Amino acid sequence: MKDLIKPADISRASAGLCRIEPGDLAPLPPPYEDFNATVLKPLPADKVKALETSLDDTLAIGIPKPATPEEEEELVRRFLSGLTKLFEKKNNWTFLQPLLLSMEHCARCQTCSEACPVFEMSGRKEIYRPIFRSEVLRRIYKKYLTPGGKLTAKWTGDIDLNWTAIARLAELAYRCSLCRRCASVCPIGVDNGLITHELRKLFSQEMGIAPKELHEKGTVLHLRAGSSTGMNPLAAKDSVEFIQEEMEEITGYKVDIPWDVEGADILLLHNAGEMLAWPENVGAFAILFQAAGLSWTLSSEAVGYDAVNYGLWYDDVQLSRVAARHAHIARRLKVKKIVLGECGHAHKALTVIADRLLTGDLNIPRESALVTLEAIVKSGKLKFDPRKNDFPVTLHDPCNVVRSMGIVEPQRRILRKIAPRFREMTPHGVDNYCCGGGSGFAIMSGYNFTDWRNLVSSRKKFLQILQAFESEPPQTPKYVCAPCSNCKGAIRDILGYYDAEKRSRLYYGGLVELLVNALDGMKKPIILFGDEPSWT
Amino acid sequence: MMGYYIFTYLCLAVFAAAVLWRIYRQLTLPAHVRWEIYPVQHEPAAKAAYGGSYMEGMNWWKDKRRRSTVNEILYMAPEIGLMRGLWKENRSLWWFSFPFHLGLYLMLVVFALLLLSAILLLLGFAEDGAVLSIIKGFTIAAGWIGVIAGAAGSLGMLYRRLADRDLRAYATAADYFNLVFILLFFVCALLTALAADPFFAAARLYILGLLTAGAATPAYAPGQSVPGALTVVLGSLVAAYIPLTHMSHMFMKFFLYHKVKWDDSPLTPGSPLESAVKQNLQYRPTWKAAHIEADGKKTWQDIASSAPKEMK
């Protein structure tokens, strides 16, 4: 039996703390057994030479190796400075109480380990254990930042702090999708996901270290250009104009998408990625809202047409900036409420987290589109024909909507009404498994990180999807309903990676598309299985 | 004899100070952003059953919030008393952890019952009267079950931590010490009960002595038996020690659940929570990353309302 990697090993130099060998990963069932020996392609030699790659087989950040010992020392000093700030009211009032409680009360009972899909699917690789990174941080904190810590380190758990440990810890902060399944099963209430989140903040807010997809191409681009997609307001309007035309062509329904309507009841905030990757989602919302006679609008102001807030995953300041912009835009438009489209992290960022950032007239009511959609269905204003959705459907629960917000049943009540062959995944609801794309993973693609996601972090979701449809013949088209942009991105990638459209006829999409697909009066279906219409 | 009393007083003072300090620190921390996790058990039972929230309702901010304290208690009672969460999620550990915790809970119960009977004695209740007899009966039952469960549980926990490689890999010297320390206490208590004090009469007299600084007669002198003396010393030390360690989760769990996991209170205009958040926004952070542009003078509000150079 191999020796277990222990928390103190993080600072000991080695080629890599973790390697996934063929056959290590949790096995996939037929017809996917050929993937069971698949491992990550090695990183290119030039990357290994220039970047810190000694954690595992992949890179999320790609931190350059320090050139001199002085540079290393400076980075260690800055890490400790950031760690100190995590425990200060003025710097971290946002999460100080939850952080202290989770840092001080873990009993190391390992109950969390069995709940973590990354740990389980990786073949129980020690570094992916939820408590591993928490314990590393806890030991560093105790040894270097508490009085007498160096004297008592042998007693409370020793660890050395050096650049190797810090670089590995930075990468390791991006091997947890912050799904918080571990926190939901902890008998004490300790939250390893939160500790990971705080670790990411330390690196970003003090050291300026974050994956470029989240920072430069994420929040920075969002605040500068207006959207993390890079679309400026003009481009966003063009995209939506195109969507209007597409919708009419696809469904025969003429839709007129309103912009900047002052005093509208609803400001609808979409993840702008939908406009580019899944325009039918934006179009379907427009069809339903228009058909239901709702008073609504989109905003063409920079930031206002993109609901995303990547700050949620790594930086409280960036989170606050984006949330404040969203709120200012809603206030200027004098809308009665903001409705968040099918984007899970945007739900949580603006509704829950920003709830204690937005005061006074910035505290505009926020509501989930899943709730709004259910109200439309319940109102009886529109007629739906469930026979049009006569194909197997399963529902993915976005962690941010379900476990973090308790919005569990509206989407199910809709599906029970319009999708006669709906079945649940196991487990589901607040016990769901992450799509594997949470906390930014879905948009992080540098180096070979996408492969790591497909092989490791999304593997559990893939197994769940296969299990949900195991009674269906392979030739029957099946629909994975994922009412969240990032989840859709992750599911799109796993279906593509495992060739699941061809092997199992698996397709995916949002909830609103299923509604429009079943809506009376549509001349053509909005949901296609490849080139095949879902109804004729 | 006074030495024992003084020692116990000191330990209880450390216990009280540590508990109060931990609670005080929590109460004086700034209001944090929401980070709840569902199910939140003060939702009405129908919603709590599947993990639903008030945010499932259309225009939820217009509705009167419905909170169910009953539901919360119905959830927490078996969680605290029977460790339901561990039973559900980590059953193989529950078989060791539950008796360990049961032992500690029952020691608290025994202490409370002994205290109560000592007070009643001082108030003039007859020692062989009905009230004190009933309390004595409960004390004996709780005491015997507690010391046996505690000794077995702490021995089992020590075994699990040594034998299970996953637990061992994360165990520190302090973890082993904690278990050995508590095991020693339970073993001494068990030996005392077996050899010298099966009805916890001497224990009651020791508490009586504690209450009266040894003035009451007859007060128990722990030196009468070695296990008895050790039980008093170790029990006092355990009481002082627990709130200084992560084992304070026994009572800090309240904050972990109520102030984080189930803290779902929305911010309402004009509320004390809004005032607290406004105050928080006046903190002056000093984060050093360039994009933050913090200088120790700008407030959180200034920074959140600004776009740093790279974002313009």
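The table below lists the values:
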item: MRE, 222 nm, helices only [DSSP H, n ≥ 4, -39500 (n - 2.57), over chain A, to nearest 500]; result: -12000 deg cm²/dmol
item: Calculated from backbone phi, Karplus (6.51, -1.76, 1.60) coupling profile of region A:385-402 in Hz, x at Gly/Pro; result: 10, x, 4, 6, 9, 7, 8, x, 10, 10, 10, 8, 9, x, 3, 5, 8, 8
item: 222 nm mean residue ellipticity, helices alone, for chain B (DSSP H n ≥ 4; -39,500 (n - 2.57); rounded to 500); result: -20000 deg cm²/dmol
item: Residue-averaged beta-carbon neighbours from other chains (10 angstrom radius) around A:179-186; result: 3
item: Of all DSSP beta bridges in the protein assembly as shown, antiparallel share, percent nearest 5; result: 15 percent
item: Loop trypsin sites (Lys or Arg not before Pro), region A:207-244 (other Cβ atoms within 10 Å of the site Cβ: 15 or fewer; DSSP); result: A:212
item: Inter-label distance, nm, simple model (7 Å from Cα along the C-beta direction), residue A:71/residue A:361; result: 5.0 nm
item: Summed residue charge, Cβ within 15 Å of residue A:61's Cβ, Lys/Arg positive, Asp/Glu negative; result: +2
item: Between 0 and 90°, nearest 10: helix B:2-27 axis offset from chain B longest Cα axis; result: 20 degrees
item: Computed lengthening from residue B:288 to residue B:49, 0.36 nm per intervening residue step minus Cα-Cα distance; result: 81.5 nm
item: Cα gyration tensor category, rounded, prolate or oblate, for region A:7-207 with a/c compared to 1.5; result: oblate
item: Using a Förster distance of 45 Å, the FRET efficiency for residue A:426-residue A:212 (Cβ separation, nearest 0.05); result: 0.75
item: Residue order, fewest to most surrounding Cβ atoms within 10 angstrom, among B:258, A:215; result: B:258, A:215
item: Distance in nm between pseudo-label sites at residue B:23 and residue B:126 (7 Å out along the Cβ direction from Cα); result: 3.8 nm
item: Which of A:401, B:19, A:303, B:33 has the fewest Cβ neighbours within 10 Å, and the rest in rising order; result: B:19, B:33, A:303, A:401
item: Cα→Cβ-extended label distance, 7 Å offset, between residue B:226 and residue B:91, nm; result: 4.4 nm
item: Listed residues B:5, B:40, B:100: farthest to the positive end of the dipole of chain B (Cβ charges); result: B:40
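Read-outs throughout are calculated quantities, based only on the coordinates presented, and are distinct from any laboratory measurement. Computed from a predicted model, the values in this text were never measured in an experiment. Neighbour counts run over all protein chains shown; Cβ positions are idealised from the backbone, glycine included.
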